[in-house]
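Have a look at the structure below, then the notes.
FYI, it's all coordinate maths here, none of it is from the lab. Note that the structure is a prediction, hence the values are computed from the model and not measured. Note that each Cβ is placed from the backbone with ideal geometry, even for glycine, and that neighbours are counted across all protein chains shown.
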Amino acid sequence: MDVEAQSSSWRNEVPIWRELEASPIPESDGRRAPVVIVGAGPVGLALAIDLGMRGQNVVVLGRFDFVAGGSKAICFSKRSLDILDRLGIGQAAAEKGVIWNVGKVFWQDREEPVYQFDMLPVKSQKMPGFINIQQYHMEDLLIQRLAELPSVELRWGHDVDSVSIEEDGAQMTVKTASGTYNQSARWVVACDGSRSTVREQLGLEFEGRVFEDNFLIADIKMEEERPSERWFWFDPPFNPGQSALLHKQPDDIWRLDFQLGCDIDRDACTKPENVDPLIRALLGADAQYEPVWYSVYTFQCRRIGSFVHGPVIFAGDSAHLVSPFGARGCNGGLADIDNLGWKLDAVLSGRAGARLLESYNEEAIITADENILNSSRSTDFLTPKGDVSMAFRNAVLELSTDYPFARSFVNSGRLSTAVSYPNSSLITHDIEYWDGGVAPGSPVLDAPLGEGWLMDRLGNRFTLLANDIEAKVPPGVDLIDLADNDNSALVSNRYALAPGTAYLLRPDQYVAARFQNPTSENLKNALQKSMGN
């Protein structure tokens, strides 16, 4: 298929949110770039921002010459919001999105939830537990932020056709509506989605489970006052024997998700006359709404064996896939680039060797495997196969109304939270005993500090979070000393930071090490270990 025919096909298959101007073929055909990111979705764009903020020269190749609409990611976790805030758009995303912290689980025709949960159990943090915002709005924010970074070049309508690994980099051919050109790169980061061309070109296996159940997404527009909460139903009267989900989005858009079962006519299920009865059964016979987008999906839980293949690195859906229950897809991809960005920058800047990138492979696989495990368990609970599994699920839901112990077994999609790396090769383990605090390998916990927030003070560098220490701070490490800051009591309490103690925090805002008795030597050693040395 030629390029123009392929472009026409995409426009017929993919809804368009916003048109973009296709980028011309670069005059420097074949010139080597330090980093080429393949894919201009949220994951690729976020990585480009991270590297661009560090002054790295980056080329981003986007297959489409438009921002796609339709039913894609909408739920962004607190950890993702912390990452996006570090990249400069967290506050704008929270202001545009629908903030929610509470989720409720209903069963059958019971009006009261059998279980509810709070996604922000630790209060007094800058970012909420979750926001709902359509992926196209998020991509718009990312694109606007990238326009502020002159070292990043975005190329729209540039589709990678082939990839080959060379001794010290990679070579690609790129198709555009104006023709084909060659692009060389020292490092290629494949963020090109579940049908990754880069993964296919390298012949990499994508192993895992494929689930047979079908689900209907109905995005509709309506003006209705409902709580900004996640509502999930097991076996509701309006969809008996199945499940349903309701989420509020910005601009009076609501997402309704209905389980349909295995043997269905997918085309028939998206016809308005067949979707309307489901919507009215959930919302009421007199519901006033406009259809926005209907689609039927199945899902998979899969990943590639390694995320690093010489000069080619994988992130997001090109590396791993999960079911949408738990919002672990895009949030998992943002976790990838948060882990990768500072490491790739260190390698490009000559501050670390290429083996530091193997720690990305190590830590990102830990995150992917935990997301796949939780996603698979959620799916098995949502769609029990057999009488025994169904009896177990119903017993859990029955007991949850009155018995707290049973609520931990309710699984309507374990929602995305940050994953820790306690056994990472970059982590320095505790030598002294700590009573409380945040363990090495865990993400930073926010708290008020001075007139702002701790997370705002961390930036993109290594930071020593200390309480009145005498040890010399290693070069290249910023210092936040609680003894010099007002309103630091909650930080001190959450980190168990008694006078004379300290934490070494990584650029991705994970705890690298902590010391009851920090010395110049043990701080230097922990920093070197964090850099893969």
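Going by neighbour counts of Cβ atoms within 10 Å, the residues PHE234, PHE299 line up, fewest first, as PHE299, PHE234.
What number comes out for the charge environment of ASP402, summing +1 per Lys or Arg and -1 per Asp or Glu over other residues with Cβ under 15 Å away? Net charge around ASP402: 0.
Computed over the chain, the per-residue total of -39500 (n - 2.57) for DSSP H runs of n ≥ 4 gives a 222 nm mean residue ellipticity of -9000 deg cm²/dmol, rounded to 500.
Taking label points 7 Å from Cα along the Cα-to-Cβ direction, GLU224 and ALA489 give a separation of 4.6 nm.
Orientation-averaged projection of the range 9-149 equals 12.0 nm² [convex hull of Cα atoms, one quarter of hull surface area]. For the peptides 106-114, 268-276, 510-518, the ranking by packing is 510-518, 106-114, 268-276, with the highest mean count of neighbouring Cβ atoms within 10 Å listed first. Taking other C-beta atoms within 10 Å as the exposure proxy, MET127, MET119 rank MET119, MET127 from fewest upward. The string of couplings for the range 83-97 from the Karplus curve (6.51, -1.76, 1.60, θ = phi - 60°) is 5, 5, 5, 4, 7, x, 10, x, 5, 5, 5, 5, 5, 7, x Hz, one whole number per residue in order, with x for Gly and Pro. What does a probe at ARG186 reach in the range 352-393, counting residues whose amide N is under 15 Å from the point 7 Å along Cα→Cβ? Answer for the range 352-393: 352-357.
Ordering ILE89, ILE16, ILE83 from the fewest to the most neighbouring beta carbons within 10 Å gives ILE16, ILE89, ILE83. Remark: the ARG31-PHE409 segment gains 130.6 nm on full extension, using 0.36 nm per residue and subtracting the alpha carbon distance. With each label modelled as a point 7 angstrom along the Cα→C-beta vector, the ALA498-ASN533 pair spans 3.2 nm.
Using a cut-off of under 14 Å, list every residue of the range 146-169 whose amide N is near the label point 7 Å from the Cα of SER178 along the Cα-to-beta-carbon line. Residues passing the 14 Å test: 154-159. Once each part is reduced to its C-alpha centroid, what is the distance from the range 290-349 to the range 113-162 in angstrom? Taking the Cα centre of the range 113-162 as reference, the centre of the range 290-349 is 13 Å away.
For GLN125, neighbours were defined as the other residues whose beta-carbon sits under 13 Å from its Cβ, and their charges (Lys and Arg +1, Asp and Glu -1) total 0.
Taking a ≥ b ≥ c as the square roots of the eigenvalues of the Cα gyration tensor, the range 448-530 is oblate, since a/c reaches 1.5 or more and a/b is not larger than b/c. Between ARG195 and SER376, the simple label model (points 7 Å from Cα in the Cβ direction) yields a spacing of 2.6 nm. Within the shell of other residues whose beta carbon sits under 14 angstrom from the beta carbon of LEU465, the net charge comes to -1, with Lys and Arg scored +1 and Asp and Glu -1.
Phi-derived couplings, Karplus 6.51 cos²θ - 1.76 cosθ + 1.60 at θ = phi - 60°, listed residue by residue for the range 385-398: 9, x, 5, 5, 5, 5, 5, 4, 4, 5, 5, 4, 5, 5 Hz, with x used for Gly and Pro.
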